[in-house]
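Here's the structure we're looking at; comments come further down.
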Amino acid sequence: MSESRVSLVLAETALELVPKELTRHTSVRNHALRLEKKSSEILLDRSFHHSAMIAGKIKLAWKRGRPDIAHFALLEALSTPLYLEGLLDVYIHTIDNKVIKVGPDLRVPKSYFRFEGVIMKLFREKAIRDAKCDKTLLELHDNTTFEYLIYNMIGSNNVVGLTSIGARSTADQVVFRNCNKNNNARCTFVIGGFPKGHFSECTSKLFCRSYSIERFALESHVVIARILYECEKIMLCSDDGSRGANE
């Protein structure tokens, strides 16, 4: 098995607490009441807070209020053999410049409502730990830009963006060019965690290359599935092309 690793970043993710300017809106207060939380402690969710987001005219509203995207993405990434074999590092960079570092052996709740509870606890306590194993499962870093994540936390010099406006290619070719055994540069794949639009200039300027793997836009979890599968074909295969004996 190769000792190389790969990083996955869900960038500009629509995962945040309700902004201060929306906490007094009726839809937010009613939702918080149902959850038995303060308005400032719940996740911004367009399914419940659409009217507040429209009335409040918050910046970049079309890219915000979709915490379910992060849920789907984590369910996909953390159930792959690449993560289970300890060869995948996962990070979530949020639209308001926070970073969630995913630890090893995290099991994401299948239920969105349980996931929501875990993330609200994370925003409150800054870390989720497994007391039995003394491991940090999730760690929240406030005021952390995408640039700081790439250069200081990951230390990557091979950043590949997956975007519908990138150069047309296929998932297998993208991975082969950037993640093969002869390439010593640790590869970081960046996928958008927002429902509409494109990466900001602050994010896209850090891409070494950007690709589109389909002729139309794909949902984030689909791109994750395709890219990580191709990584597994390279990183988890022996020289004769077969998978390890433990599979």
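Structure data summary
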{"read-out": "Top-ranked residue of region 206-238 - restricted to ones that are of a type in the set (S, T, Y) and part of a helix (DSSP H, G or I), ranked as surrounded by the fewest Cβ atoms within 10 Å (Cβ to Cβ)", "value": "Y229"}
{"read-out": "Close pairs from region 195-215: first touching a residue at least 60 places away in the same chain (Cβ under 8 Å) and within 25 Å of H71 (Cβ to Cβ), partner in a helix (DSSP H, G or I) and among the β-branched types (V, I, T), Cβ under 8 Å, at least 6 apart", "value": "P195/I69"}
{"read-out": "Where R5 falls short, out of the listed (1) surrounded by fewer than 20 Cβ atoms within 10 Å (Cβ to Cβ); (2) modelled with pLDDT of 95 or more", "value": "(2)"}
{"read-out": "Only one of L149, L162 that is crowded, with 19+ Cβ neighbours inside 10 Å, at pLDDT 95 or above and not in a strand (DSSP E or B)", "value": "L149"}
{"read-out": "Candidate set from region 102-122 (those that are among the hydrophobic types (A, V, I, L, M, F, W, C) and more than 16 Å from the chain's Cα centre (by Cα)); member that is surrounded by the most Cβ atoms within 10 Å (Cβ to Cβ)", "value": "M120"}
{"read-out": "Any hit, region 233-247, residues being at pLDDT 95 or above and among the acidic types (D, E)", "value": "no"}
{"read-out": "Residue among V99, V28, V18 that alone is within 22 Å of L149 (Cα to Cα), free of Cβ contacts under 8 Å to residues at least 60 places away in the same chain, among the β-branched types (V, I, T) and buried (at least 17 other Cβ atoms within 10 Å of the Cβ)", "value": "V99"}
{"read-out": "Residue that is surrounded by the most Cβ atoms within 10 Å (Cβ to Cβ) [pool: residues in region 31-49 that are among the basic types (K, R) and assigned to a helix (DSSP H, G or I)]", "value": "R46"}
{"read-out": "Test for I100: is it of a type in the set (A, V, I, L, M, F, W, C) and farther than 30 Å from I234 by Cα", "value": "no"}
{"read-out": "Test result for A52, without any contact (Cβ under 8 Å) to a residue 60 or more places away in the chain, touching a Lys or Arg at 6+ places or on another chain (Cβ under 7 Å) and either crowded, with 20+ Cβ neighbours inside 10 Å or in a helix (DSSP H, G or I) (or both)", "value": "no"}
{"read-out": "Qualifying positions in region 62-96 - among the aliphatic types (A, V, I, L, M) and not in a helix (DSSP H, G or I)", "value": "L78, L87, L88, V90, I92, I95"}
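The values are calculated or read from the model by the stated rules, or taken from the named source; none is laboratory data. Keep in mind it's a predicted model, so treat the numbers as computed, not measured. FYI the Cβ positions are ideal-geometry reconstructions off the backbone, even for glycines, and counts take in every protein chain you see.
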